[in-house]
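Here's the structure we're looking at; comments come further down.
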């Protein structure tokens, strides 16, 4: 199903295509041992997890050298699909559940992904600075903004100011309200035509 990725991202190198293709074997194999994706949902790996992660690339094409921290990465989403897409950027994937970090680390190693680092910890413990924090619905947005504020660098290198890019879905009005003045919403249905993306969004908060 790597064709689903190629349908929307038409300039992938052969290496990138091979890496995305390999995920289709590695994730089901690892998921059978350590559950990082719902067993009912593993068949939707490319649409619900890989392409969904790449929704962040529709909001912003990261400049070379950009540094990103993936908060609550689980088995590597959105960090691993984005690290494949942006080989000239550096990704730091962090999760408080050790066995999930193990899966993400093993998969990144297996596909030769050399622009990622991993840490078994909560974001509260992370002291490094990054251009952006990214995440996929790990907690309410205002809580996440408070936690990652200390980790956002003041050095700018992208078209958008440094901050948080978060994948979310459903009714977000109450979550968004406190941040409305410094928030942008990107509707994924404007980029991806599959029904799954009808209510899915990328939320950007400038920090």
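We did not get these values from a lab; they are worked out from the coordinates using the rules stated. Just so it is clear, the model here is predicted, and its values are computed rather than measured. Heads up, the Cβs are rebuilt from the backbone with ideal geometry, glycines too, and the neighbour counts pull from every protein chain shown.
Each of the peptides 113-123, 85-95 was scored by the mean count of other Cβ atoms within 10 Å over its residues; in descending order, highest first, they stand as 85-95, 113-123.
In the chain, the DSSP-assigned H stretches of four residues or longer account for a calculated mean residue ellipticity at 222 nm of -9000 deg cm²/dmol, using -39500 (n - 2.57) per stretch and the full residue count as denominator.
Report the gain in length on full extension from residue 184 to residue 25: 0.36 nm times residue separation, minus Cα-Cα distance, nm rounded to one decimal. Please list the in-between numbers first.
Details: separation 159, 0.36 × 159 = 57.24 nm, distance 3.54 nm.
Here the answer is 53.7 nm.
In this rough spin-label picture, where each label sits 7 Å from Cα along the Cβ direction, the residue 96-residue 121 distance is 1.4 nm. Entry note, the chain: relative contact order of 18 percent, from Cα contacts under 8 Å with a spacing of 6+ residues.
Extending 7 Å from Cα along the Cβ direction at residue 139 and again at residue 110 yields two label points whose distance is 3.1 nm. Bridges between two residues of segment 2-206, per DSSP, are antiparallel at a rate of about 40%. Each part reduced to its alpha carbon centroid, segment 95-137 and segment 171-207 end up 24 Å apart.
Here the gap between residue 1 and residue 193, fully extended at 0.36 nm per residue and compared with their Cα-Cα distance, gives a gain of 67.6 nm.
Arrange 84, 107, 134 by Cβ neighbour counts within 10 Å, fewest through most, would you? Don't jump to the answer; show the numbers that get you there.
Working: 84 28, 107 22, 134 25.
In order of increasing Cβ crowding within 10 Å: 107, 134, 84.
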